[in-house]
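The structure appears right after this line, and notes come after that.
Bear in mind that the values in this text are calculations on the coordinates, not laboratory data. Not measured: the values here are computed from a predicted model. Cβ atoms come from the backbone with ideal geometry, glycine included; neighbour counts cover every protein chain shown.
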Amino acid sequence: MAKTASRKHTRNRLGRSSPSMAAPPKVENMPMNRSLAAAKAAKQDEFYTQYVDIQKEIEAYLEFDPDTFRGKVVYCNCDDPFESNFFKYFAANFNKLGLKKLVTTSYDGSPIAGAQLTFGEYDEGNGKRQKPKAIAVEIEEVKDVNGDGATGIEDVKLFLKHNSHTRRPLAGGGDFRSLECIDLLKQADIVVTNPPFSLFREYVAQLVEHGKKFLIIANKNAITYKEIFPLIKQNKLWMGVSAFSGGMWFIADYKGKYEKTIDGVKLINVPAIWFTNLDHGRRHQKLPLMTMEDNLRFSKHKEIKGKAGYDRYDNYDAIEVPYTDAIPSNYDGVMGVPITFLDKYNPDQFEIIGITKTWDGGACKTYPMHTQISKDGKKSIVSKLNDAPAMKLGKRPVGETHYIVDREYFVALYQRLLIRPRARTAKEKTT
Ligand SMILES: C[S@@+](CC[C@H](N)C(=O)[O-])C[C@H]1O[C@@H](n2cnc3c(N)ncnc32)[C@H](O)[C@@H]1O
């Protein structure tokens, strides 16, 4: 039977993983040669951030600290200045944000470069356009060039048109790992972009190595990467302000697939989130919670209301909390919570101590190879229970994937973060 945090044993039927929810195989494991796999992954990098999403996210930091970008060098290092809404946002708001400098570098390999030119820079006439090569654009001031009484993107266009010295070709093709891009990175204070997801681990490692502040877009899966999660655990990287659910809508590669159009713009939905190490207001808001007793009596979640106690995992010394709003306010031990908890994470209220992944090494038990019985009864020998929070069941479940170890039945739940409350004050302990 599943162990519970209090009196009676109850069987858990919450949040278990199923084979269809498993992470897709890594590109390296796919039955195709590496270069083909790399080309496929690179193609999946081609989607472009909407202006409104950039504006909404950045304005939330300004609400918390209006000087977040003041006097700073901002570098967008995966951004064709003629296409990228990151460039457009920072150029148009250069004076409002108080930027010292805006640097943007484009990438030779981008198939979109030159496809939807904003500035007509490479217009050859007769409707033909040259495909631009990688360039760096550096802007140190934005003045009212067109004399309309304000400074904005039109002024930047005119400025760029008349000041060709502000842009220069990049011999290294604009790769963020090239020496000339690393030189620009060294001069930057804050890096803001949506980088290629296929190179995400390397991309973040480079930012961390150079000690940069950043605000970047990531695939949600990146949270559980063994190269990324330790940064989250050490509070060196956290979620941005825009919420987790529903993914983000991006402008699709002009040749690629799309799911809807708005005002003629083709959009695709990607399970993306913002990662940052810039402070913002949401991470200082305290999550309001009920006590364990009140959750068990009044929770809106049928999986919790009326139970005798919270379930305990078989392989982690922690209780299972299937919803963030069901975290008990008066439990001082370790709790397994959904990954979406990160949306509400306040580092003064909770400490992240691990993730239920084998590589994190926090399990109190390791299972020998075991039998998986899938929904349709198919049997296979696996080690899967070691890479998930496992729940022991009192009897064999019907119609769902389960595991048998030494004649005992288990299910594997979804990946969980392991958290613990920061020390509660004496006053909090009495309430
Ligand atoms: C997800 S797209 C986002 C583009 C742009 N930052 C935006 O948000 O609209 C990632 C971009 O990075 C470019 N890219 C791919 N590999 C790169 C590399 N090694 N260095 C720099 N940019 C790269 C891709 O061509 C693509 O345009």
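Descriptive notes on the structure:
- In the range 273-406, Cα pairs under 8 Å separated by at least six residues give a relative contact order of 22 percent.
- At most 12 other Cβ within 10 Å, DSSP loop - GluC sites (Glu not before Pro), the range 189-269: GLU259
- Ordering HIS165, HIS284 from the fewest to the most neighbouring beta carbons within 10 Å gives HIS165, HIS284.
- FRET efficiency, ARG407 to THR261 (Cβ-Cβ, R0 56 Å, nearest 0.05): 0.50
- Extension gain, ARG70 to ALA423: 0.36 nm times the residue separation minus the Cα-Cα distance gives 123.5 nm.
- Each peptide among 271-279, 231-239 gets the average number of other Cβ atoms lying within 10 Å of its residues, and from highest to lowest they stand as 271-279, 231-239.
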